[in-house]
Amino acid sequence: MMYKLGLIGHPIGHSLSPWIHQQFLDLAELDGEYKLYEGDRYALPGVLKHLKEIGIDGFNVTVPYKQVIVDYLDEIDSDAEILSAVNTVVNIDGKWKGYSTDGEGYVRSLIEPYPNLLNRETSVLVLGAGGAARGIYRALIGQGVDTIDIANRSQDKAKDLLSLRLGEVKSRVLSYQQAEEHLAEYDLIVQTTSVGMKPNVEDQVIQLDNIRNDAVVSDIVYQPIMTQLLRDASKRGANIHHGHAMLLYQGQLAFEKWTGKNLAVAHLVDKLENKLRGE
Ligand code: ATR
């Protein structure tokens, strides 16, 4: 069988997904292709019609279609429905089912280097309250984490996230200043905003003066690989976790849904890093 896979979004010309999924196809010794299906919002219905016609086996969905894609699905996974966002579509006997792999992919990428980090005693601070933060918040609850506070520039948006009542957890909404003051309380700090992303590589969403040196700082930004926040955490002796690992494990989970293959991909984290550095 020849797997037909791909990505829809706009713009996606620089996406690393074709490279990532080619690695997975090679690892799994499967025949297939992963193509970019770029189109602005006027082109979207035509692109989706084409994917139906070719009988695509599965595809990823990125900005700006993670919400609108829902209108074109036959079924939606309960997590994706709660988060109102879909990033992976699976063709099941001609019917399209939507999933969100952000949160679980993130957790997988974190557990790989830090297998004992997430448990009932873990105290987490999430920076940001957007789409990425929602998925991660939900998946961390799924790991039984006891405390997940949310700091965001817009406090209302953080409150909206709490009001979704995604599970049994103690959560407070904090300002970034309060988060800085309380920093020593956290075992894990997850940065989910776009702050620090190229070209604004000097930006850092909070200062880490009060961080404990046994804490893990995780940044989902992967361009650059070493963000200012991670640099600061490292300087203070804390542990770090890079954003490109999440990208890889999100892909791993999507690939698993499409092909049924659960691949060991840890060795690809460094290879992806080299790719991102242009080596
Ligand atoms: P995504 O799906 O990538 O999470 P999003 O839903 O647009 O994107 O959410 C963006 C997040 O980054 C939000 O938490 C946003 O903060 P606000 O809710 O206060 O807008 C945060 N963000 C983006 N730019 C920011 C900046 N310059 N300073 C602080 N926070 C920022």
- [ ] Report, in degrees rounded to the nearest 10, the 0 to 90 angle that the Cα long axis of helix 44-54 makes with the longest principal axis of the chain.
- [x] 60
- [ ] Kindly state, to the nearest 0.05, the FRET efficiency for residue 178 paired with residue 81, given R0 = 30 Å and r defined as their beta-carbon distance.
- [x] 0.40
Open item on the list: Can you tell me the length gained on complete extension of the stretch residue 120 to residue 92, counting 0.36 nm per residue apart and subtracting the Cα distance?
Closed with: 6.5 nm
Task: In degrees, nearest ten, helix 131-142 long axis to first principal axis of the chain (Cα) - done: 80
TODO: Work out the charge dipole of segment 116-241 with +1 on the Cβ of Lys and Arg and -1 on the Cβ of Asp and Glu about the Cα centre, then indicate which of 225, 130, 182 is farthest towards its positive end.
DONE: 130
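Given a Förster radius of 30 Å and the C-beta distance between residue 225 and residue 263 as r, what FRET efficiency does 1/(1 + (r/R0)^6) yield to the nearest 0.05? Intermediate results must be reported in sequence, preceding the final value.
On the way: r = 22 Å, r/R0 = 0.74.
The computed FRET efficiency comes out at 0.85.
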TODO: May I ask you to list the trypsin sites (Lys or Arg not before Pro) in segment 71-178 that are in a DSSP loop and have at most 12 other Cβ atoms within 10 Å of their Cβ?
DONE: 120, 165
- [ ] Would you compute, from DSSP H runs of 4+ residues alone, the mean residue ellipticity of the chain at 222 nm, taking -39500 (n - 2.57) per run and dividing by the full residue count, rounded to the nearest 500?
- [x] -10500 deg cm²/dmol
Open item on the list: On a full-extension model of 0.36 nm per residue, what is the gain between residue 154 and residue 275, subtracting their alpha-carbon distance, rounded to one decimal in nm?
Closed with: 40.1 nm
Task: segment 175-244-segment 33-112 distance, computed between alpha-carbon centres (Å) - done: 30
TODO: Order these peptides, 252-259, 26-33, by their mean beta-carbon neighbour count within 10 angstrom, highest first.
DONE: 252-259, 26-33
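So for the chain, what are the equivalent ellipsoid semi-axes in whole Å, largest first, each being the square root of 5 times an eigenvalue of the Cα gyration tensor? Before the final figure, lay out the partial values.
Details: eigenvalues 205, 85, 60 Å².
Values for the chain, descending: 32, 21, 17 Å.
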TODO: Mind pulling the angle between the C-alpha long axis of helix 102-111 and the longest principal axis of the chain? Nearest 10 degrees, somewhere in 0 to 90.
DONE: 60
Open item on the list: If you build the convex hull over the alpha carbons only and average its shadow over all orientations, what do you get for segment 1-142? Give it in nm² to one decimal.
Closed with: 9.8
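Using +1 on the beta carbon of Lys and Arg, -1 on that of Asp and Glu, and nothing else charged, what's the dipole of segment 143-250 about the Cα centre, debye to 20?
220
Taking N as the number of residues in segment 116-241, what is its Cα Rg relative to 2.2 N^0.38 Å? Before the final figure, lay out each step's value.
On the way: Rg = 13.4 Å, N = 126, 2.2 N^0.38 = 13.8 Å.
Computed over Cα atoms of segment 116-241, the ratio equals 0.97.
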Task: Size of charge dipole - the chain - debye, nearest 20, with Cβ of Lys, Arg +1 and Asp, Glu -1, no other charges - done: 300
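Every number here is computed from the coordinates shown, using simple stated rules; none is lab data. This structure is a prediction, so every number in the text was calculated from the model and none was measured. Positions of Cβ are generated from backbone atoms using ideal geometry, with glycine treated the same way; all protein chains shown enter the neighbour counts.
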